[in-house]
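Here the structure is laid out as structure tokens; the discussion comes afterwards.
The values are calculated or read from the model by the stated rules, or taken from the named source; none is laboratory data. Every value quoted in this text rests on a predicted model; they were computed, and no experiment measured them. Neighbour counts are summed over all protein chains in view; Cβ atoms, including those assigned to glycine, are modelled from backbone coordinates with ideal geometry. The protein model used for the area step is the full one, side chains on, heavy atoms only, and it has no ligands, DNA or RNA in it. Shrake-Rupley method; radii C 1.70, N 1.55, O 1.52, S 1.80 Å.
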Amino acid sequence: MIRYISFDLDGTLVKPKFADLFWLEGLPKIYAMKKGISVEEAKSFLIKDYQSIGKDRIEWYDPSFWFKRYGLNYDWKKLIDDYRHAIEPYPDALPTLEKLKERYQLVILSNAKIDFVEAELEETGFRRFFSKVFSSVSDFGMVKNNAEVYVKVCSVLGIKKEEILHVGDDRVFDYEVPRSIGMRAILIDREARSTNDCIINSLNDLPSVLGIA
């Protein structure tokens, strides 16, 4: 019986614009100023460097790593504040959370560093829905490609893996990995042409998949 539902955040409840601006506009601007190059040159270099690390490593999600790597004299937490205006929830997130909160304990499980998570929850007003907020990088020092993240979440919550459902937009991190340990998971693919009980293209479909009118 499902008692808890865990949600990924970026790309699931919140549009990726905020994170994209931080990594693909804000940081390149600061790097460009330091190096005396164009923002486009900086962006091109940074994207290649990001890819050299890859999203399977915790460094990918850690701005302090990148700011130190480039010797940037700017507070990355201020850069989060610089782009708070771009934090925007998906329109199907709020009504879905409202429906689910009466029947389930809701938690966040994101790869993003906790500072990003808290900013997004604060700006959207979603913090009130969640009894627990997890950043896999900040709390466990791991990325969600490691099934141990999900094991640890269940341990912290004091539940069996059969008692939690995870919902997210990354096929590997949010779907294949939790399913590999026997958890139920639902992939939200907003571009999907066909849906079923495991793949949805809108959070509006989640209550019906769970049998809630």
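Working note: Karplus 6.51/-1.76/1.60 with θ = phi - 60° gives the stretch 84-91 the couplings 4, 4, 8, 6, 9, x, 5, x Hz, where Gly and Pro are set to x.
In the chain, Rg over Rh equals 0.99, where Rg is the alpha-carbon radius of gyration and Rh the Kirkwood radius from pairwise Cα distances. Residues whose amide H falls under 5 Å from that of K132, counting only those 5 or more places apart or on a different chain, are I108, with hydrogens built in the peptide plane. A simple rule links phi to the HN-Hα coupling: the Karplus curve 6.51 cos²θ - 1.76 cosθ + 1.60 with θ = phi - 60°, which for the stretch 163-168 gives 9, 9, 10, 10, 10, x Hz, with x for Gly and Pro.
Mean sequence separation of contacting Cα pairs (under 8 Å, at least six apart), scaled by the length of the chain, corresponds to a relative contact order of 24 percent. Residues whose amide H falls under 5 Å from that of V14, counting only those 5 or more places apart or on a different chain, are Y90, with hydrogens built in the peptide plane. With the simple spin-label model, which puts each label point 7 Å out from Cα in the Cβ direction, the R103 to K29 separation comes to 4.4 nm.
Give the carbon-plus-sulfur fraction of the accessible surface of the chain in %, rounded to a whole number; probe 1.4 Å, heavy atoms of protein chains only. Numbers along the way, then the final one.
Details: 4870 of 10330 Å².
Whole-percent figure for carbon plus sulfur exposure: 47.
Per-residue 3J(HN,Hα) values for the stretch 74-82, derived from phi via the Karplus relation 6.51 cos²θ - 1.76 cosθ + 1.60 with θ = phi - 60°, read 8, 7, 5, 5, 5, 5, 4, 5, 4 Hz in sequence order (x marks Gly and Pro). In straight-distance terms, cross-link reach from K15 covers every one of the lysines whose alpha-carbon lies under 24 Å from its own, apart from those fewer than eight places away in the same chain; here that gives K29, K43, K48, K55, K77, K78, K99, K101, K113, K132, K144.
With the other protein chains left in place, how much accessible area per residue, in square angstrom, belongs to the stretch 94-213 at a 1.4 angstrom probe?
Values: 5410 Å² over 120 residues.
Ligands and nucleic acids excluded, the result is 45 Å² per residue.
For the pair K160 and L94, what calculated FRET efficiency results from E = 1/(1 + (r/R0)^6), where r is the Cβ-Cβ distance and R0 = 25 Å, to the nearest 0.05? Intermediate results must be reported in sequence, preceding the final value.
Details: r = 30 Å, r/R0 = 1.18.
Efficiency computed from Cβ-Cβ geometry: 0.25.
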